[in-house]
Structure formats: C-alpha cells, structure tokens
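Working notes for the structure below.
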Amino acid sequence: MPKVKIKRKSTLVDMTAMCDVAFLLLTFFILTSKFRPQDPVEINMPASVSERKIADADIMIMQIDKEGRAYLGTDNQMVRQRALEVMLRTNPYASYKDKFATEEIMAAFKKTESFGAPFPMIPDIMSGKIANDGKHTPGIPVDSLKSPVRRNELGDWLVAFRQAHLELANEKADGQLKMSTYNYIRLAIKGDGLTEYPEVEKIFNTLKDRSINKFDLITNMKGGETASKSDD
Amino acid sequence: MAEIAQGSEGGKGKGKKMSTRIDMTPMVDLGFLLITFFVLVTTFSKPSAMDLAIPAKPDPNDKTPPPEVKESRVLQIALGEDNKLYWYRGVKDPKVEVIDFSQSSNVRPVIQDVQQKVKQRWGTLDTMLVLIKPMKKSNYKNMVDILDELAISKVKYYALMDFKLPDDSITIWKGQQPGAGANSNLND
C-alpha cells in the first residue's frame, strides 16, 4: 500500500496581482498630482495657525519677495491669455501690440505660470531673451514713476486678470454674472517674512485703489498651536 | 557566430526547467513605498491661507464722520523695528509698553489681559477692537504674526492702520519715532 503523500503547500503567494495594483495606483497618483509651479523668486513665508487650505483653482497668486518686488500669476491658462488680451485693449499698453503680435509670444505667455516685469519687457521674457527669474526681472512696477509706461502696472494687471476671469465665466454662463465681488477671481498673497512693511503697504494701497479689499495671505503651517478656546 | 544554447551537452541532456516565476515581493514593496510618498507629498505641500480684509477706500463725497469708538474697548499695537511691539490703551495719556515680538506668543498675555478687562467693563469679549499700526521698520512677518495672534485669541474686530507721526491721539510719542533713542523713557 502506498503511503498517502501529504503535499506541502508553499507559503509563497503570487505577488503579481498585488504588484499590478500597486503600480496602477502609483501611476494614478503621479498623473493626477499637479506639479508645484516654479516660483520666479524664493519666498520664505511666515507661519500661522490657520488651517484653511488655499483654493486649487480660480485664484491669482501674487508673490512679494524680500525686496518688495511683486510677481503675479494665476493657475488658469485661459485666464492668463485673456488677461493679456485685456491689457492690450487698454491704453497705454495697446501701443505695444506689435511686440506681442507673434504667435510664439502669446503661446509662451499662456504657458508662463507667473511673471514680474514691466509691460514692455514681457515680450523679451517670453521669447527667452531675458530669463524669467528673480535675478533678471525687476517685478511688476507698483510705483507709476518706476514704470516705463507711467502706470501702476500691478493694479492694471489685477484688474485685467479680474476682467479676464469674469469674461470667461460669462461666456460659459451666457452673460449672467455681474461685476460683483462674489464673481471676482480671488487673490492670494504670498509674501516673504522679511519684506519691509512700507513695501507691503504700497501693494495694499494698490489693492485698496482697485477695491480689492478682501484677500488671502498664504502662510506656512505653524505646528503645535491651535486657536485656543476662550470663554465667551 | 551566435549559438543557441542547448542545455547540457550530450548525454542525458535533460536540463532542469527553471520556473518563470519571479518573486514579486520586493517590487510590491517598492510600489507601495512610492505610493505612500506621493500621497504624503501631494497633501502636505499645500500651504494654508489666512483671511485679511482691509478697509475700503473712503468715498471722497461721503461727509459722514468716521464712527467713534469707546476708548476702553481699544487696544492699540504699533509694530516697530527689530521685532519690537509697542502697545498702549487709551488716548489722553497712554502708557506705552514694549515687548519683544520675535516670538509671536509673547503678545498673547497682553491681548488676553485686555480681553478680560474689556469683558469686565462691557460684559462680552466681542466688543474689543485692536488697532494694528505697523511702522516703517517693521516687516511682513510681524504683521502676519500679530494677525495670527488675534486669530488665536479670537479677537473679532481689528483694523490695519497707518502709523502716522505725530499721531494726534497719542501724546507720548512727542513726534519721536519710538526706538530711535527714545526707548529708555518709553517705560516710564
């Protein structure tokens, strides 16, 4: 009589399926995650205990570096393109239309996340003659005396972005949206902690002039502390 | 010339068949490690946002005088150079005190003390008003820090104002920028 052979089962599990799942998820996460936009300037933000996260979309971000230079950008390519068109519709910027006329410059502007230069300098940045970083660009002029076109260009850009965002939203909503604070694109300011207050004040005054009275300040998270519960 | 390998030479010639299965465990480990990394990095990189509302530009045609506020409700804070913070209450003859504001939590006892005083006087904390006046030599971090401290202490009303010299309501500055040689008599 032959002995009954008990077959030893291997403890090894086939990992192929699990491996498939892991890499599928990995691919998904890599594809869905958005790359952090490259900042033209390095900014050390101050910290706060605020736990609200900044919005992902429909937001314009103004960066203020240590020296008080302002850089402006928004996440939406269409808004960026439209904002440039809005600027080119208005004086005195309309006189630079020829410089922006080429397809490449318009396309490059659309792709550029944020910029900081006087208006006449922008075509050179877009064509690559001048690098779009803090070393080569002077920031968007806040002071009309420092602007080649004698305007508070930062204020004009803010209005142009707002206008562009509203126009695009209106095209979707068949002109139902009115010029009101509720429909404006939100502004978030990312400032360097060491910026001297007068520089910040200049920018705040610009915002006041253009009736942008409510905005976000982007900060790092401060660990450990939370808003204490004081008795009322 | 390329040769086709033929198992072992001659003889019995039955090469052992190698299993085509590979141990996938390390690869799975690596996969999940990368997933964890991406998940953590994408969610934690998002900075937080803090609301700030600045007063609207006054309408030049609007002749109504600005609203008056009871002096006992107000705490005034001036931000100065080298992370100094000056605070005072009242209008007539305010006692100005200086604290080091390099640690933002240093100001918390002051705010909460004033809150208690306001509560005793008015019955609720909510009537307290803080006026923040950043001076020329202060920086953006000081401003964010004080706004943050007000949020921590749950101060409902605050205003960011210009620091003007000579400040008409404050006699103690005597037209002098505090900190510019005037430190010694500020605490008197």
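Any idea which of B:Asp148, B:Asp82 is under 23 Å from the mean Cα position of the chain (by Cα), under 29 Å from A:Asp209 (Cα atoms) and modelled with pLDDT of 85 or more?
B:Asp148
The rows are residues; the columns are (1) modelled with pLDDT of 90 or more; (2) surrounded by fewer than 17 Cβ atoms within 10 Å (Cβ to Cβ).
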{"residue": "A:Ala47", "(1), (2)": "no, no"}
{"residue": "A:Glu51", "(1), (2)": "no, yes"}
{"residue": "A:Gln77", "(1), (2)": "no, yes"}
{"residue": "A:Ala83", "(1), (2)": "yes, no"}
Scanning segment A:174-225 residue by residue, those at pLDDT below 65 and either surrounded by 12 or more Cβ atoms within 10 Å (Cβ to Cβ) or in contact with an Asp or Glu (Cβ under 8 Å, 6 or more places away or on another chain) (or both) turn out to be A:Leu177, A:Glu225
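For segment B:23-30, state whether one or more residues are within 14 Å of chain A (Cβ to nearest Cβ), out of contact with any His (no Cβ under 6 Å at 6 or more places or on another chain) and at pLDDT below 80.
Here is the first cut: in segment B:23-30, the ones within 14 Å of chain A (Cβ to nearest Cβ) are B:23-30.
Within this subset, residues satisfying the condition of being out of contact with any His (no Cβ under 6 Å at 6 or more places or on another chain) are B:23-30.
Cutting the leftovers down to at pLDDT below 80 gives us none.
Within segment B:23-30, none of the residues are within 14 Å of chain A (Cβ to nearest Cβ), out of contact with any His (no Cβ under 6 Å at 6 or more places or on another chain) and at pLDDT below 80.
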Contact list please: Cβ distance under 8 Å, first residue in segment B:114-136 and more than 13 Å from chain A (Cβ to nearest Cβ), second residue in a helix (DSSP H, G or I) and surrounded by fewer than 17 Cβ atoms within 10 Å (Cβ to Cβ), pairs at least six apart or on different chains.
B:Lys117/B:Ser72; B:Arg121/B:Ser72
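Which one of A:Lys53, A:Lys9, A:Lys5 is in contact with a strand residue (DSSP E or B) (Cβ under 8 Å, 6 or more places away or on another chain), of a type outside the set (S, T, N, Q) and free of Cβ contacts under 8 Å to residues at least 12 places away in the same chain? Show your work before the answer.
Details: A:Lys9 fails: in contact with a strand residue (DSSP E or B) (Cβ under 8 Å, 6 or more places away or on another chain); A:Lys5 fails: in contact with a strand residue (DSSP E or B) (Cβ under 8 Å, 6 or more places away or on another chain).
That would be A:Lys53, the only listed residue that is in contact with a strand residue (DSSP E or B) (Cβ under 8 Å, 6 or more places away or on another chain), of a type outside the set (S, T, N, Q) and free of Cβ contacts under 8 Å to residues at least 12 places away in the same chain.
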If B:Asn106 satisfies all but one of (1) without any contact (Cβ under 8 Å) to a residue 24 or more places away in the chain; (2) surrounded by fewer than 12 Cβ atoms within 10 Å (Cβ to Cβ), what's the number of the condition it fails?
(2)
All but one of (1) over 30 Å from A:Gln163 (Cα atoms); (2) assigned to a helix (DSSP H, G or I); (3) among the β-branched types (Val, Ile, Thr) hold for A:Ile6, so report the exception by its number.
(2)
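The values are calculated or read from the model by the stated rules, or taken from the named source; none is laboratory data. Keep in mind it's a predicted model, so treat the numbers as computed, not measured. Here the Cβ is made from the backbone with ideal geometry for all residues, glycine too, and neighbour counts use every protein chain on show.
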